[in-house]
Amino acid sequence: MPFDGVVQQIYVDIPSGVRSLAGFKIKDAERGVKQFPFDDESGYASYDDVSQFWPVSFPLRERDQVEVEYINYNDNVDSHFLKVWLIFVGIEALPYTMEELADRNGVEL
């Protein structure tokens with residue numbers, strides 16, 4: 001990240017025909033924390049014909065890295081074009097500081 005801020009949501013665009021044969025996960029690379037999908041059992045989120053925003057929110061410091069990892073569950077199937085965008089808001093646009101955010105329960109900086 002070029003500056004401190006918060007990922008406030010993600011936009012996921014999965015074409016029709018994937019039929020849950022490919023998936024993705026989003027990870028805070030600095031801390032090794034999986035941010036999406038939310039439950040611990042799912043290794044990857046997997047959908048078919050989905051284009052929507054998801055309420056995913058986590059803080060990032062300047063120079064932190066986020067990884068989006070993709071997987072194809074079936075090697076006999078052609079590649080799929082899965083698109084994931086992170087909507088990131090800089091700390092200057094937020095109504096709180098990173099320190100105030102760190103004081104919240106469950107937030108890890």
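Where a number appears in this text, it was derived from the coordinates with a stated rule and is not lab data. It should be emphasised that the depicted structure is a prediction, and the values quoted were computed from it without experimental measurement. Cβ: placed from backbone, ideal geometry, glycine included. Neighbour counts: every protein chain shown.
At a glance:
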read-out: Strands (runs of 3 or more DSSP E) contained entirely in region 1-67, each with at least 3 residues that are more than 24 Å from L94 (Cα to Cα); value: 22-28
read-out: Complete set of residues in region 1-36 that are small (G, A, S) and under 14 Å from the mean Cα position of the chain (by Cα); value: G23, A29, G32
read-out: Residues of region 52-80 classified as out of contact with any helix residue (DSSP H, G or I) (no Cβ under 8 Å at 6 or more places or on another chain) and closer than 27 Å to P2 by Cα, total; value: 17
read-out: Residue list for region 34-53, filter: crowded, with 17+ Cβ neighbours inside 10 Å and under 30 Å from Y96 (Cα atoms); value: K34, Q35, F36, P37
read-out: Breaking point among (1) exposed (fewer than 12 other Cβ atoms within 10 Å of the Cβ); (2) closer than 21 Å to V33 by Cα, for E92; value: (2)
